[in-house]
Structures are given as structure tokens and as C-alpha cells.
Amino acid sequence: MAMRSVRRTAAGAIAVSLLSIAVVTLPNGPALADPASTPGNSNDAIQQLTELARQSEQLNESLHNAQIELDKKLADQNTAETKRVADQQALESVNAKIAEYQPVIDSVAVANYRGASTTGLFAVLTSDSPQQLLDQMSMLNVISTSTAEQVGEFKQARTDAATAESASRASAEAARGAVEQAKAVSDELQKKQSELDASIAQVLQAWTQLSTAEQGMFAGSALPPGFDPLVLLQGLTGGGVDALRAGITKIGSPYSWGATGPGSFDCSGLVVWAYRQIGKNLPRSSQAQMAGGTPVDKKDLQPGDVVGFYSDASHVGIYAGNGMLLHASTFGVPVAIVPLSAGGPYYGARRY
């Protein structure tokens, strides 16, 4: 199931501001504040928007993670179903082989029922002379060898059938389980999408309550005073550095939930886009990005390393060197380079 686009524009904010927004409770978290309440001053209004935007980013990255999980469950479902079909075909093939030997087995069963015997003892008991005994033994040996081979193959086919039937039952059960798991994850994904939609509406309404000056204050500066990232990266090439260099070209681009460029980004979307420019496909969520690659100690950070923030790794950016971070921060704040500490509580870093 493809994730529904959640991109929003500034023009959409005007329409959303007319909506009456209900209080939404985040999973395992506090209720979102009601943006309809009037802040006491500019700082209060900006603080309220900051909190709402942060909550929406957590939901956004959680939604990406749920989509990754759903894709995995759907792949598991497809694998299980493919195995179920193969096991069923194997069972049918073995059953066909059993049917091929069934006439021989039936004839042996009938002979035994009538008291016939194909053993050497039967030949001894029924022969009238040594020559007759030898003739009978020779004939019986040919018959018994052929029959024994067919009976042996029949027994093996029966064993194979039992194994195939057991495998078919197991694969069918696994396929059913995979379908149920995918359905549960899909339901959770839809729930998170609804929560994110409501959270985004609150952020947009809070944004419209800010004055133009307050919006500018909230957005901040795209670069620290006197900081030139291109000068910092002179002479550096390869791997993450080239991904960082690509990301720097997007400084000033707007933040948009669920966006991976090229015109707008969310935090993990910017990382995905930057690394895609050097031919590397990174996971879509901040949590998955912090679970991949090679762990890097904070003191060993290099330009291009992916850095995560907050205890749930719900925000990421790209280390820009000299204690700085390139990231898509949050709604209302364009892609910017900021001090590493401005990314939030440090979680960890990965090198790709």
C-alpha cells in the first residue's frame, strides 16, 4: 500500500486555519495542545508552534517507519504464498507418482490375499526336482526384484508425500499468518496517517496565528554568521562528503511532511535525497537510518555522517563538519545548517 502524500503548502495553511481543530492524543504521549487558545505573547506563540511541529515530526517519522514495516510484511506474505504454492505442487507431483505405482501394489496385495508367495521357501516346497527348483528360483528372483524395486519406490513416494503434505500445511499456515500481520500493520499505518493529518492541521493553524515578523523569527537563518560550508569541504571528496555537498545545494528549501525532494523535504527525506545523488539508497525513516550503516562515536564524526536526535531517533540530519549540522528541521523552517546541539538531544550517528 503506498503511503498517501501528506505534503502541505503555505496556501493550504490559510484554508486549514478556518478549521475547528480537536485535541488529538499521541500514542504513548501527551495530548496535542489546542492552537485555538490565544498565546500570551510572541514567545508563547512560537513555543506553542515549536511543540506542535515537534510532535508532528515524531508522527511523520513514525509513519515512515510503519510503511517500512508494512512493506516488509507484504514481502513476507509474498514469500510465504510462493512457498505454499510450490509445496502444494510438490504434493500433487508425489501423489501422481503414487498413482503410477498403485496397480503393482494392488496386484501384490491380491496375490498375498489369495495365499500366493514369491519367496524362495515357496519354490522349495513346490518344486519336484532340483532343476525345477533352480528354474523357479531364477524366475522368482526376476519377478521379486522388479516388484521389490517398484514397492520400494512406492514406499519412498509415500514418505515423500507425507513430507510434502506437512510442508504444504506449514507454508499455508505461514502465509495466513503473514496476511494477518500485514493487515495489522496496514491498520496501524492508516491510524498513524489520520493522527498525522490532525497534527499537521494544528501546526498550520498555529502558524497562521503568528505575525510575519514572528514567522521570520521562527524560521531563523539558513546559515550561521560567517559559516561557508563549501569552503569547509574544499579538498574533501567521496562517500558521505559528496552526499553532504549535494544536500547543501538544498539549503533554503521548505520543510514538508513526507517529502523527499527535490523541492521540499522532511528530515529523513533530505538524507535520503542527498545520498541518492551519490547512488546510495538509505532507509526512509529516521529510526531505520539510525539502525543501518556503521555506528560512529560522536568524537569521530566526519562530514557526511548521518546524525540522529531524541531518545526515539525521530530526527536526523547530516553532519556538516566543524560542529555543524545540515537538516530539514520542521515546518516553517527551511533546510539550514545549524550547530549540532540545535538538532535536539543527541542520539547517535551512522556512516554510510
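Taken together, T25, T9, T50 contain a single residue that is outside the structural domain of K192 (by TED's automatic domain parsing) and either among the β-branched types (V, I, T) or at pLDDT 50 or above (or both), which is T9. If I ask for residues that are assigned to a strand (DSSP E or B) and modelled with pLDDT of 95 or more, which ones from the range 321-344 would you list? Answer for the range 321-344, where residues must be assigned to a strand (DSSP E or B) and modelled with pLDDT of 95 or more: M324, L325, L326, H327, T330, V333, A336, I337, V338, P339. The C-beta contact set for the range 310-321 (first residue more than 15 Å from R351 (Cβ to Cβ), second residue among the charged types (D, E, K, R), distance under 6 angstrom, 6+ apart or interchain) comprises S314/E61.
Has the range 59-81 got at least one residue that is exposed (fewer than 12 other Cβ atoms within 10 Å of the Cβ) and either at pLDDT below 90 or hydrophobic (A, V, I, L, M, F, W, C) (or both)? There is no residue in the range 59-81 that is exposed (fewer than 12 other Cβ atoms within 10 Å of the Cβ) and either at pLDDT below 90 or hydrophobic (A, V, I, L, M, F, W, C) (or both). Residue count for the range 299-341 satisfying the condition of being at positive phi, surrounded by 23 or more Cβ atoms within 10 Å (Cβ to Cβ) and over 27 Å from the mean Cα position of the chain (by Cα): 1. When the test is whether a residue is of a type in the set (G, A, S), in the same structural domain as Y319 (by TED's automatic domain parsing) and surrounded by 21 or more Cβ atoms within 10 Å (Cβ to Cβ), G269 passes it. Out of T118, T208, T159, one residue alone is within 30 Å of V94 (Cβ to Cβ), assigned by TED's automatic domain parsing to the domain that holds N78 and modelled with pLDDT of 70 or more. It is T159. Against the conditions (1) without any contact (Cβ under 8 Å) to a residue 40 or more places away in the chain; (2) touching a Phe, Trp or Tyr at 6+ places or on another chain (Cβ under 7 Å), V203 satisfies every one except (1).
Of all residues in the range 66-83, those that are over 13 Å from G177 (Cβ atoms) have Cβ atoms under 6 Å from Cβ atoms of residues that are part of a helix (DSSP H, G or I) and not aliphatic (A, V, I, L, M), 6 or more apart or on another chain, in A66/E188; A66/K192; L70/S186.
The values are calculated or read from the model by the stated rules, or taken from the named source; none is laboratory data. Predicted model, so just to flag it, every value in this text is computed and none were measured. Cβ sites come from the backbone with ideal geometry, for glycine too, and all protein chains shown count toward neighbours.
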